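The values are calculated or read from the model by the stated rules, or taken from the named source; none is laboratory data. Just so we're clear, the structure is a prediction, and the values are computed from it rather than from any experiment. Methodologically, a virtual Cβ is constructed for each residue, glycine included, from the backbone with ideal geometry; neighbour enumeration extends over all protein chains shown. For accessibility, only protein heavy atoms count, side chains too; no ligands or nucleic acids. Shrake-Rupley method; radii C 1.70, N 1.55, O 1.52, S 1.80 Å.
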Amino acid sequence: MKFGKNICILNVGGTKYAFTREVIKDFPLRRVSRLHSCSSEKEVLEVCDDYDRERNEFFFDRHSEAFVFIMLYVRSGKLRFVPQMCELSFYNEMIYWGLESSHLEFCCQRRLEDRMTDTYTYFSEEDIKAEVESRGEEDQVTRFASERGNARWLERMRRTFEEPASSVAAQILASVSVVFVIMSMVILCASTLPDWDTAKNNTDDYSIYAFVVNPAVCIGWFTAECIVRFIVSRDKCEFVRRPLNIIDFLAITPYYVSVAVTALTGENPQLQRAGVTLRVLRMMRIFWLIKLARHFLGLQTLGLTLRRCYREMVMLLVFVCVAMAIFSALAQLLEHGLDLETSNEDYASIPAACWWVIISMTTVGYGDMYPITIPGRVLGGVCVVSGIVLLALPITFIYHSFVQCYHELKFRSARCVRSLSSEFLN
């Protein structure tokens, strides 16, 4: 820095900080340290928003409270979120000053990861234009507006197929998709009835419609929907990696495989394995029910809760597995291993005793196997009580996460409904 006074004043959102040139040179925040290498006011204005030469004051139009917490990190080395401030907004402030998510404390890193994973932000053309204009990049506005104009219909198509509450057309498509899902599930369930094979031999028009037209129409709709969503998606690789899209693929593929296998094998009675394969593939259509998660808030809340609470779910699984290993070994010893003359054959092995342990810990108790010795019954009581306690421990975390996910998705849905209402009125 070859201009100004020895004392530099940083004005961040109205809050002033005074530093010497030497401190500015080695400042931990990259944006602030860049001021030392500036040789003219033009270069300074590329780093900050305004500069007062008389006072040697650098003005940054940023969130002052967020910068207070960032300055606490400079002093103490610990960076945490500002209370009552959006995690993404604070993360934007961090990026502006030259910090990364790795500088956050572990608890805040997890909050940021969850928020970035579960939050979808849509920028309209006006928002992006305002952001670019605030940086004085008018040429980029023109170029970007042209690109957005060329791809506007793709964005509308994407929102129509991906966001059921984004427009009236999206709601209509979502309703049609739900009707096809319900129709396919009704046909799948009816096909397992005993009288279904008898009716299948009937060749009237109703039978042809029930056995040929309906499955083909449902599969055709799902296939066309999946292809269109793939074409209009922003990132094709990200589209393929999404769980719901993988489930769509697994639900659609078996139909075409079964048609191909039937065409190749025909009615050859020697190919029994092909018949078993066809029945398995046909039952995979049950995955179509998961498509309802695109349209119902409850299923979305359940999926989001499971994704956020996977650590708690793994912890619950570990608890159950450890307890099952301990109680099954003790049950096999008490019921079968000590007294061979009056041994309980239901507990002949530890794997067999594991079944009794799991139904006892979950308080199901089918009654198909039970201990007959006094020590075994005492162990059964301890197993039941332990199961109640172990299963209840992670439930609190999962419950609070479910409530939080529900309120977030409900708020997002209400915002989409307000946008839809404005569009309908306009």
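Quick grid of which residues meet (1) modelled with pLDDT under 50; (2) among the polar types (S, T, N, Q); (3) open to solvent by 30 Å² or more (accessible area, probe 1.4 Å):
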{"residue": "Tyr122", "(1), (2), (3)": "yes, no, yes"}
{"residue": "Val176", "(1), (2), (3)": "no, no, yes"}
{"residue": "Val181", "(1), (2), (3)": "no, no, no"}
{"residue": "Pro194", "(1), (2), (3)": "no, no, yes"}
{"residue": "Thr198", "(1), (2), (3)": "no, yes, yes"}
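Could you check the stretch 335-366 and list, in sequence order, the residues that are at pLDDT 85 or above, in a loop (DSSP other than H, G, I, E, B) and within 40 Å of the chain's Cα centre (by Cα)?
The answer is Thr362, Thr363, Val364, Tyr366.
Would you pick out the residues in the stretch 32-77 that are open to solvent by less than 10 Å² (accessible area, probe 1.4 Å) and more than 20 Å from Ile95 (Cα to Cα)?
Scanning the stretch 32-77 gives Cys38, Asn56.
When both residues are 6+ apart or on different chains and their Cβ atoms are under 9 Å apart, which pairs have a first residue that lies in the stretch 362-384 and is more than 16 Å from Val320 (Cα to Cα), and a second that is surrounded by fewer than 11 Cβ atoms within 10 Å (Cβ to Cβ)?
Ile372/Thr342; Thr373/Thr342
Please list, ordered by residue number, the helices (runs of 4 or more DSSP H) wholly in the stretch 16-74 having 2 or more residues that are within 41 Å of the chain's Cα centre (by Cα) and at negative phi.
30-33, 41-47
Have a look at Arg110, Arg80, Arg115 and point out the one that is charged (D, E, K, R), open to solvent by 50 Å² or more (accessible area, probe 1.4 Å) and in contact with a strand residue (DSSP E or B) (Cβ under 8 Å, 6 or more places away or on another chain).
Arg80
Taking the stretch 317-332, which residues are over 37 Å from the mean Cα position of the chain (by Cα) and either farther than 15 Å from Cys383 by Cα or touching a residue at least 24 places away in the same chain (Cβ under 8 Å) (or both)?
Listed by number, the residues that qualify are Ala329, Leu330, Ala331.
Can Ser64 be described as of a type outside the set (Val, Ile, Thr) and without any contact (Cβ under 8 Å) to a residue 40 or more places away in the chain?
When the stated conditions are applied, Ser64 does not pass them.
Between Phe90, Phe69, Phe81, which is aromatic (Phe, Trp, Tyr), out of contact with any helix residue (DSSP H, G or I) (no Cβ under 6 Å at 6 or more places or on another chain), modelled with pLDDT of 85 or more and assigned by the TED database to the domain that holds Lys16?
Just one listed residue meets the conditions, Phe69.
Can you name the number of the only condition in (1) hydrophobic (A, V, I, L, M, F, W, C); (2) in a helix (DSSP H, G or I); (3) surrounded by 15 or more Cβ atoms within 10 Å (Cβ to Cβ); (4) modelled with pLDDT under 80 that Trp153 fails?
The one condition Trp153 does not meet is (3).
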